[in-house]
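Notes to accompany the following structure.
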Amino acid sequence: MPYLVTATWDDVPHLTEKQKSDLWGSIPAHERDARSKGIPTLGSGLIFPVAEEDIVVEPFAMPRHWPQIGGMDFGYDHPFAAVKLAHDRDNDVVYVTAEYRKSQATPVIHAAALKPWGAWLPWAWPHDGLRKDKDASGKEYSALYREQGLAMLAEKATFEDGGNGVEAGLIEMLDRMQTGRWKVFSTCRAWLEERRLYHRRDGVVVKERDDAISASRYAYVTLERSDFENARRIVNGRDRAAEIAAIARAYDTELKAFGYGRDKPACAAPPMLAPSPIPRPALRPSFWARLLALFKRRA
């Protein structure tokens with residue numbers, strides 16, 4: 001059975017501290033973990049050439065007002081993977097906060113593992129979610145997960161212009177990493193493992209062992225889009241969807257007017273606004289209420 005043995009600079013007794021310091025300064029940042037700690041990674045063709053310590057943070061509780069979204073990458077023999085992203089809009093930082101990866105399991109198993117992340121969590125999914133299951137129900141893959149209680153988005157993951165190019169998403173993710181706006185919880189070991197080996201060959205992305213990263217890309221391209229009407233359909237159909245969507249848009253506009261989500265808010269903090277209540281038809285008084293009113297009139 002194959003196994004891996006690693007060695008660090010601390011295991012090499014003839015290296016002095018000065019030599020280690022000189023070597024450290026001469027090595028590109030994204031190769032330092034591999035050279036100094038023996039952590040497997042690719043240097044040539046690496047898609048995310050950033051130092052791991054620049055993107056990894058310890059887990060912390062998410063503020064409740066941060067938008068969150070899940071993303072999934074379908075698979076059976078190659079792993080199915082899912083991640084959860086959170087967006088600090090005030091500082092424009094995206095966090096990878098949770099991950100899941102498993103092969104040779106059914107939607108029932110995957111959905112059961114993901115439900116504890118929150119029944120409210122919307123899920124982004126790729127174009128192959130429109131493919132139909134040939135072995136069982138004949139339903140689209142995305143529908144199988146929706147039936148298991150996951151809040152699958154109404155449409156496949158795309159950029160705002162409708163595109164879903166791999167390179168465009170990867171470039172935006174790399175830009176965020178290099179500018180301190182993409183962070184990964186240290187507990188997301190599968191995502192970090194994939195990042196170390198994710199590379200191009202002859203200029204083309206090698207689509208191997210990229211399941212968690214792909215899931216995060218699908219979630220990322222969908223993160224900032226607000227489809228209020230179809231969001232209503234996810235919950236309980238399109239009843240009064242336009243009316244509720246109008247309230248949501250008005251609330252979103254008022255928050256933005258006070259600077260919520262900008263790099264430099266216009267005021268110290270957004271006001272605690274509440275959406276306008278939805279008018280409901282007057283209910284007919286109950287039998288007991290009418291009887292009590294009759295007694296009062298007679299008294």
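Of note:
- Top-ranked residue in the stretch 142-187 [being of a type outside the set (A, V, I, L, M, F, W, C), surrounded by 19 or more Cβ atoms within 10 Å (Cβ to Cβ) and within 18 Å of Ala81 (Cβ to Cβ); ranked as modelled with the highest pLDDT]: Tyr145
- In the stretch 80-132, the residues that are touching an Asp or Glu at 6+ places or on another chain (Cβ under 9 Å), in a helix (DSSP H, G or I) and either modelled with pLDDT of 95 or more or among the β-branched types (Val, Ile, Thr) (or both): Ala111
- In the stretch 71-104, the qualifying residues are those that are open to solvent by 40 Å² or more (accessible area, probe 1.4 Å) and of a type in the set (Lys, Arg), and the one that is nearest to Arg181 (Cα to Cα) is Arg89.
- Scan of the stretch 60-79 for residues that are acidic (Asp, Glu) and not in a strand (DSSP E or B), ordered by number: Asp77
- Count - residues of the stretch 193-222 that are out of contact with any Leu (no Cβ under 6 Å at 6 or more places or on another chain), assigned to a helix (DSSP H, G or I) and over 22 Å from Ala124 (Cα atoms): 2
The values are calculated or read from the model by the stated rules, or taken from the named source; none is laboratory data. Fair warning: this is a prediction, and the values are worked out from it, not measured in the lab. In this analysis, Cβ positions are derived from the backbone assuming ideal geometry, glycine residues included, and neighbour counts consider all displayed protein chains. Quick note on the areas: whole protein, heavy atoms, side chains included, nothing else; ligands and nucleic acids left out. Shrake-Rupley method; radii C 1.70, N 1.55, O 1.52, S 1.80 Å.
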